[in-house]
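What follows is one structure encoded as C-alpha cells, with my remarks underneath.
Derivation of every value follows stated rules applied to the coordinates shown; laboratory data play no part. Everything numeric in this text was worked out from a predicted model, so none of it was measured. Every residue, glycine among them, receives a Cβ derived from its backbone with ideal geometry; neighbour counts consider all protein chains shown.
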Amino acid sequence: MEPNQLAVFGIRNCDTIKKTLKWLEANGVAFQFHDYKKLGVPEDELNRWIQEAGAEALINKRGTTWRKLTEADKAACDDPGKAAELLRAHSSMIKRPIITKGQQLLIGFDEELLEHFK
C-alpha cells in the first residue's frame, strides 16, 4: 500500500465494512481494501494500531469470538503482546473497520471523521 493512500482493513462480508466501502465510493474517495480473513492481519499494522490506540480500543467485545474466549484469554488481553497474538489468531475480534491514511488511524465507522480522510 502507498504510504498516504487510504486503506480500509476488515472482513468483506461484514455489514459495517459494506457500509464503509459504500460511503467511500459514494463520496469519491480512493482506497485500498485489505481483507484480513483472506490476507491475514498485517503484523506491522497491528502492532502500530495497538501502540497508537491500545489493544482495548481494537477488541470487539460484543462479538461471538470474544464471548467464546476463555476467561484466561480475555484477561491476557491486558498485555499488548498477548492481545496482538489473540487478534492475529482471531481476526474477527478486531473492531471494523480500521482505516488508515499515513499516520492517521480511525477505528470504526464514523461519517464525520471519515470526512477528514477525504
Computed about the Cα centre, the charge dipole of segment 7-117 from +1 Lys/Arg and -1 Asp/Glu charges at the Cβ has a magnitude in debye, to the nearest 20, of 520 debye
Per-residue [θ]222 nm for the chain (sum of -39500 (n - 2.57) over DSSP H runs n ≥ 4, rounded to 500): -11500 deg cm²/dmol
For the chain, give the share of DSSP beta bridges that are antiparallel, in percent and rounded to the nearest 5; count only bridges with both residues there. 65 percent
Order these peptides, 72-78, 88-94, 38-44, 104-110, by their mean beta-carbon neighbour count within 10 angstrom, highest first. 88-94, 104-110, 72-78, 38-44
Scoring the chain by relative contact order with C-alpha pairs under 8 Å, at least six apart, yields a percentage of 34 percent
Determine the dipole magnitude for segment 1-56: charges of +1 sit on the beta-carbon of Lys and Arg, -1 on that of Asp and Glu, nothing else is charged, the reference point is the Cα centre, and the result goes in debye to the nearest 20. 360 debye
Efficiency by 1/(1 + (r/R0)^6): what FRET value for residue 52 and residue 26, r their Cβ-Cβ distance, R0 = 30 Å, to the nearest 0.05? 0.60
So what does the Cα-only Debye profile of the chain read at q = 0.13, 0.19 Å⁻¹, as log10 I(q)/I(0), no solvent term? -0.48, -1.00
